[in-house]
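See structure below.
The values are calculated or read from the model by the stated rules, or taken from the named source; none is laboratory data. All values derive from a computational prediction rather than experimental measurement. Heads up, the Cβs are rebuilt from the backbone with ideal geometry, glycines too, and the neighbour counts pull from every protein chain shown.
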Amino acid sequence: MQPTPPVLLRALTKRFGEVVAVDGLDLTVHDGEFFSMLGPSGSGKTTVLRLIAGFERATSGTIELDGQDVTATAAHQRDVSTVFQDYALFPHLSVLDNVAYGLRVRRVPKRSRHEKAREALALMRLEQVAERRPHQLSGGQRQRVALARAIVVQPKVLLLDEPLGALDLKLREQMQVELKQLQRRLGTTFVFVTHDQEEALSLSDRVAVFDQGRIVQIGTPAEIYERPASPYVAQFVGTSNLFDSATSQRLFGIARRHGLRPEKIQLHHERVPDAEIVVEGVIAESIYLGSEIRVHLQLDDGTQLIVLERAGEHTEHRGEKVVASWSRRDLVPLTDEKAS
Amino acid sequence: MKSLATALVSAVALTALAACGGGSDSAETSQAVEELGEKEGQVSILAWPGYVEDGTNDPEVDWVTPFEEQTGCQVTSKTYGTSDEALNLAKTGEYDVVAASGDLSLRLIASKEAAAVNTDLVPNYAEVFDFLKNTEWNTVDGVNYGIPHGYGANLLQYNTDVVTEAPTSWSAVFEESELAKYQGKVTAYDSPIYIADAALYLMKHDPDSGITNPYALDQEQLDAAVQLLKTQRKYVGEYWSDYLKLISASETGDTVVGTTWQVIVNSIGKDNIRAVLPEEGSTAWNDTWMLSAQAENPNCGYAWLDYIVSPKANAQATEYFGEAPNSEAACAETTDPKHCETYHAGDEEFSKSLWYWRTPIKECLDGRDVECTDYAQWTAAWTEIKG
Amino acid sequence: MSHRVGALLGRYPALRLGLLIAAPLTWLVAVYVVALAALLVTALWQVDSFTGDLERTVSLENLKTVLTGELYRTVTLRTVGVAALVTVIDVLIALPIAFYMAKVATPRRRRILLIAVLTPLWASYLVKAFAWRATLSDGGLLEWLGTPIGLQSPGYGLSAVVMTQAYIWLPYVILPIFAGLERVPDSLLEASGDLGGGPVHTLRWVVLPLLVPAVIAGSIFSFSLTLGDYITVNIVGGTSQMLGNLVFVNAGAANNLPLAATIALIPIVVMLGYLAAVRRTGALDNL
């Protein structure tokens, strides 16, 4: 028998008036995994999160948390906690009281709830700001207070709604590491909403890619990246060269849509006999990115190719004639989007 | 604007004022005019409700329009609910003519708001009952300050639906056994002068109180009257000073027994709202038309004085208000031939049984050699009664 | 010359600001400060009760009367009591209405409700008071509604005053609370629910604490406006007197302006005390 999944969605649909935000969604989140919902804004991922939390009522379909149907249950009776995008810290309460809030409404005595709140703050290395008000904290500190407040009640599932969106790049990278460590330490199931594909890939055990209220692909980061199921995924997650079936036929003889990651292509100054697929072209642009160089290649038949090279290996110049090659297994056959 | 400027100056000169005592600077002698000049074309009148009717309240009731047609003086008028209110209004100087009851007329004269009246310039004055002329409330030191208008008693009004047995005594509003039947539906006149009504009741029912004139009360007698009124208050639903308020409360049934005027009962015009003059007699009013010392239109003012005491107009006004007219000639003009009989017009003895409103002063009005309570004390007592 | 003036103004911004607000400031001083000072000065004068003439001699007689008279103590307590009761009732009614308007209703319904709250402000105060007089009267609407369920109209009196005043000032309490609630982000309410706080907890621990300044701002309106009222009491108050009546009676009927001025100082003092007490809460920033 399968273990009971912490989150199970069946044919979940949410409409706002005419707009279908979530369209017949089926989803299972496994126990203890770091699960990300990735998609552009308006793709329905945040609505799914709010449906799980209980802030929105499903138009149809069911939500099960830990085997229990909670579709009609109010938010405060669901065993999940949310970290909000704007943190939603209570401005009139101290940091300590903010963190202790969930325990207070559970009627935990003052001493023990403060003790637990301090523990949670210690976990976030925030003991020194316990008595301050939220508006006296930096963005990163608020973020960690929001996390501490959400985990102190030991929820079955922690929902995170783009929690790192408001932080600057450096802080964001640091918080990503902390989040990952926290999740491993607590063993709590995380459901993480983001529009940042890099974040989703680096943090998650599994990723669901959203488009127009549906999940278009679900899988491990490697599967999503290496084997995108559709041109949409291929383009949204990382950069891809897309070949329609005519171009595929012309370049390597298979009449089907294909994607190809830029870092899978090698550039040569002369012909290499052992490569599986070889094409020729002229360098249209070469952009230095520090650790990499992004080369835009114009093939003889007019097709544009993007190639990523490690910096320092070669130096190509605009207008130079080069040969590009890749192996057949790096090509990703894509389903036709219209058909899916 | 002028008064604001005065206030500003006053405020700034606070320290100077402390030294400078108050006082009236009026060296004006009360000399009446010898002859009339040209009419000003307008006159402004301050009067009790029902005294200056121009047809706006009831198209049938209009004696102002004929006056305007005869004299060319356009009338503007304002009504008041209590004599105290009238004193304040008169002091503004906006009114040429004032209809004043006995508790107001002397105060107007004392505060130099009233001008002496030359009765020779009021031809109709000759018709007026003699016993109304040169009374203590319209004449001071031999100088006449006004023309008698009419007189009447404060009556006891009751609603026959609730007060099934017609009351004959003021005990209906002063005895707890009676009051208890109409808890919260009793009314009384909202002015310090109403203390006299309680005093009159004590005078008739409690000889030990030693009251001989309800407007001349020493401290002990005032206390007794206040006590009686405090008892009454427990049963009073609301007091009235605006006669329209009493009319509406009577019509809705919120008030079923209490002090009233004939004009109020007439206005309601319903069979079940009746008024009676109780056996104790009553406090009453005896009104005088006075000329303001600040009158801007004295000639039209004189024209009004003469017109309103003329038999026809006086009959209309007093009959509408429900009081006795001021002359035999007026009695002949009333639409109800029995009107003067009903109100005992010209009956000097009856008139003496009514206690006309007077302003209580320190010097007892009944000539006793003790200090009486003055109107300021009555005012304080009245607010205290209402609590 | 004008060039030099311009240069001068340019160099001293304070001077420029001073000139700019000089006119309104003068007006403010003339209208508010002087009027209040005139009131104070008048309170020190006396009046001749017979002729009604002002005696402009300074004395503390009126102040003594008001401070020691039992009548004034009783009426002050009654007035403050009525004002407090009106305020409490208004806040209790305003909170759910404002909450519904700010947090539950659709934008369309919110607009309709806002108009509904504002509309009574366009009707005359007197009309509303007289409407209540009719409602409360013998055989009036309230009796008609109440009789089948065994309730009586309270008739004219203090309870009628409280009801009428609570009705008249309600919009002034709803609006600041509504504005205060609109400033509370929805996510705070969601966060409370998310952490296990039911509606009661959320109201008690999140919404109300955040609304304290707005509630106090609203209460200042209902409290001060009730404190100074005399018209409603006259119309539906039966025999009851409030401070406003004493001022009105003394200024109008009894012609004792100095005493009226002295009594008028009572609500001013009460209000100053109330404002001083709430100043710390920061509610005044919400006015």
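Quick check: is even one residue across the range A:54-74 among the small types (G, A, S) and part of a helix (DSSP H, G or I)? I'd like the intermediate steps shown before the answer.
Looking only at the range A:54-74, we keep the residues that are among the small types (G, A, S), and these are A:54, A:58, A:60-61, A:67, A:72, A:74.
Filter once more, so that each one left must be part of a helix (DSSP H, G or I): none.
No, the range A:54-74 contains no residue that is among the small types (G, A, S) and part of a helix (DSSP H, G or I).
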Being part of a loop (DSSP other than H, G, I, E, B), surrounded by fewer than 22 Cβ atoms within 10 Å (Cβ to Cβ) and over 27 Å from the mean Cα position of the chain (by Cα) is the requirement here; does B:E178 meet it? no
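In the set B:V226, B:V236, which member is among the hydrophobic types (A, V, I, L, M, F, W, C) and modelled with pLDDT of 95 or more? Lay out the reasoning, then the answer.
Values: B:V236 fails: modelled with pLDDT of 95 or more.
So the residue among B:V226, B:V236 that is among the hydrophobic types (A, V, I, L, M, F, W, C) and modelled with pLDDT of 95 or more is B:V226.
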Cβ-Cβ under 9 Å pairs, at least 6 apart or on other chains, the range A:161-175 side more than 14 Å from A:M37 (Cβ to Cβ), far side among the aromatic types (F, W, Y): A:A166/A:Y87
Selection status of C:V161, among the hydrophobic types (A, V, I, L, M, F, W, C), assigned to a helix (DSSP H, G or I) and away from chain B (no Cβ under 14 Å): no
Please list, ordered by first then second residue, the pairs with beta carbon atoms under 6 Å, 6 or more apart or interchain, first in the range A:125-145 and without any contact (Cβ under 8 Å) to a residue 12 or more places away in the chain, second crowded, with 20+ Cβ neighbours inside 10 Å. A:E127/A:L121
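If I ask for residues that are assigned to a helix (DSSP H, G or I), over 26 Å from the mean Cα position of the chain (by Cα) and either surrounded by 14 or more Cβ atoms within 10 Å (Cβ to Cβ) or of a type in the set (F, W, Y) (or both), which ones from the range C:164-187 would you list?
Scanning the range C:164-187 gives a single hit, C:S187.
Conditions (1) in contact with a Ser or Thr (Cβ under 9 Å, 6 or more places away or on another chain); (2) within 20 Å of B:F131 (Cα to Cα), marked per residue:
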site	(1), (2)
B:N314	yes, yes
B:F321	no, no
B:A330	yes, yes
B:D336	yes, no
B:E341	no, yes
State all residues of the range B:250-288 that are under 22 Å from B:A110 (Cβ atoms) and touching a Pro at 6+ places or on another chain (Cβ under 8 Å); if no residue qualifies, say none. B:T283, B:N286, B:D287, B:T288
Looking at the range A:66-77, which of its residues are within 14 Å of chain C (Cβ to nearest Cβ) and surrounded by fewer than 23 Cβ atoms within 10 Å (Cβ to Cβ)? A:V70, A:T73, A:A74, A:H76, A:Q77
Mind telling me which of the residues C:T57, C:T79, C:T65 ends up being within 30 Å of B:S83 (Cα to Cα), in contact (Cβ under 8 Å) with a residue 60 or more places away in the chain, surrounded by fewer than 17 Cβ atoms within 10 Å (Cβ to Cβ) and within 14 Å of another protein chain (Cβ to nearest Cβ)? C:T65
If a residue must be more than 9 Å from chain C (Cβ to nearest Cβ), surrounded by fewer than 17 Cβ atoms within 10 Å (Cβ to Cβ) and outside any helix (DSSP H, G or I), how many such residues does the range A:95-112 contain? 2
Tell me whether the range B:371-382 contains one or more residues that are in a loop (DSSP other than H, G, I, E, B) and more than 14 Å from chain C (Cβ to nearest Cβ). no
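Criterion first (surrounded by fewer than 16 Cβ atoms within 10 Å (Cβ to Cβ), in contact with a helix residue (DSSP H, G or I) (Cβ under 9 Å, 6 or more places away or on another chain) and farther than 30 Å from B:K112 by Cβ) does C:L19 satisfy it? First the steps, then the outcome.
Details: surrounded by fewer than 16 Cβ atoms within 10 Å (Cβ to Cβ): yes; in contact with a helix residue (DSSP H, G or I) (Cβ under 9 Å, 6 or more places away or on another chain): yes; farther than 30 Å from B:K112 by Cβ: yes.
Judged against the criteria, C:L19 is a match.
Return yes or no: is C:Y100 without any contact (Cβ under 8 Å) to a residue 60 or more places away in the chain and not aliphatic (A, V, I, L, M)?
Numbers: without any contact (Cβ under 8 Å) to a residue 60 or more places away in the chain: yes; not aliphatic (A, V, I, L, M): yes.
Taking the combined requirement at face value, the residue satisfies it.
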Give me the pairs: first residue in the range A:98-116 and assigned by TED's automatic domain parsing to the domain that holds A:P155, second residue in a loop (DSSP other than H, G, I, E, B) and surrounded by fewer than 18 Cβ atoms within 10 Å (Cβ to Cβ), beta-carbon distance under 6 Å, and six or more apart or on different chains, which are they? none
Any idea which residue in the range B:236-250 is nearest to B:Y80 (Cα to Cα), counting only those that are crowded, with 24+ Cβ neighbours inside 10 Å and among the hydroxyl-bearing types (S, T, Y)? B:Y239
Number of the condition not met by B:I361 [criteria: (1) crowded, with 16+ Cβ neighbours inside 10 Å; (2) under 28 Å from B:V52 (Cα atoms); (3) aliphatic (A, V, I, L, M)]: (2)
Determine the pairs where a residue that is closer than 17 Å to C:G198 by Cα, located within the range A:64-87, has a partner that is assigned to a strand (DSSP E or B) and acidic (D, E) with Cβ atoms under 8 Å apart, the partner being 6 or more residues away or on another chain. A:V70/A:E64; A:T82/A:D161
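C:G155 - would you say it is within 14 Å of chain A (Cβ to nearest Cβ) and surrounded by 13 or more Cβ atoms within 10 Å (Cβ to Cβ)?
Details: within 14 Å of chain A (Cβ to nearest Cβ): no; surrounded by 13 or more Cβ atoms within 10 Å (Cβ to Cβ): yes.
No, not satisfied.
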Quickly run through the range C:31-46 and pick out the residues that are among the β-branched types (V, I, T), more than 8 Å from every other protein chain (Cβ to nearest Cβ) and touching a helix residue (DSSP H, G or I) at 6+ places or on another chain (Cβ under 6 Å). C:T42
Could you list, in sequence order, all residues of the range B:103-162 that are in contact with a helix residue (DSSP H, G or I) (Cβ under 7 Å, 6 or more places away or on another chain), over 21 Å from B:E323 (Cα atoms), within 14 Å of chain C (Cβ to nearest Cβ) and in a helix (DSSP H, G or I)? B:R107, B:L108
